[in-house]
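Presented below is the structure to which this report refers.
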Amino acid sequence: MGVDHHDKKHASSHREANKSVPSVVHDSHEHTHEHKHRKQIVNRLARIEGHMRATKEMTASGRDCSEILLQIAAIQKALDNAAKLLLKDHLEGCVVDAIQKGNQEQVLADLNKALNNYIR
């Protein structure tokens, strides 16, 4: 059995997401420091993506509502855990780096923005 176009595209985008980028400019700061959990986060999100597709198929095929709700709860927990790991990565990398460079005010503004976006 061969690999279809979607699987090839997904595998390619997954490989691209795992590549290390030495310096990327985002909204508020330049990433020249390491994000040691980034590969784990990408892998978790890929698993969540598969879990979501499976849950969508369960729903489309008419599976029991309580089973679907259980899967949705599991996906939400997995997303929360990925977000916690990303926050840990942010604190250990971005925040420490910015503080070492004397950008405390910008760090606090960025951290507040991140928290406000996540916790609504």
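Tallying residues that are part of a helix (DSSP H, G or I) and exposed (fewer than 15 other Cβ atoms within 10 Å of the Cβ) within the stretch 86-102 yields 5.
Would you confirm, using the coordinates I've provided, whether Leu69 is at pLDDT 90 or above and either exposed (fewer than 14 other Cβ atoms within 10 Å of the Cβ) or not basic (Lys, Arg) (or both)? When the stated conditions are applied, Leu69 passes them.
Being touching a residue at least 40 places away in the same chain (Cβ under 8 Å) and out of contact with any Phe, Trp or Tyr (no Cβ under 6 Å at 6 or more places or on another chain), is that true of even one residue in the stretch 46-53? Checked the stretch 46-53: no residue is touching a residue at least 40 places away in the same chain (Cβ under 8 Å) and out of contact with any Phe, Trp or Tyr (no Cβ under 6 Å at 6 or more places or on another chain).
Using the structure shown, decide if Asn81 is part of a helix (DSSP H, G or I) and exposed (fewer than 11 other Cβ atoms within 10 Å of the Cβ). So Asn81 does not fit the description; no. Evaluation of Glu105 against the conditions (1) in a helix (DSSP H, G or I); (2) under 16 Å from the mean Cα position of the chain (by Cα); (3) modelled with pLDDT under 95 shows that the sole unmet condition is (2).
Looking only at the stretch 75-95, residues that are over 11 Å from His37 (Cβ atoms), at pLDDT 95 or above and either touching a strand residue (DSSP E or B) at 6+ places or on another chain (Cβ under 9 Å) or small (Gly, Ala, Ser) (or both) come to 1 in all.
The values are calculated or read from the model by the stated rules, or taken from the named source; none is laboratory data. Since the structure is predicted, the reported quantities are computational estimates derived from the model, not experimental observations. Ideal geometry is used to build each Cβ from the backbone, glycine not excepted, and the neighbour counts take in all protein chains shown.
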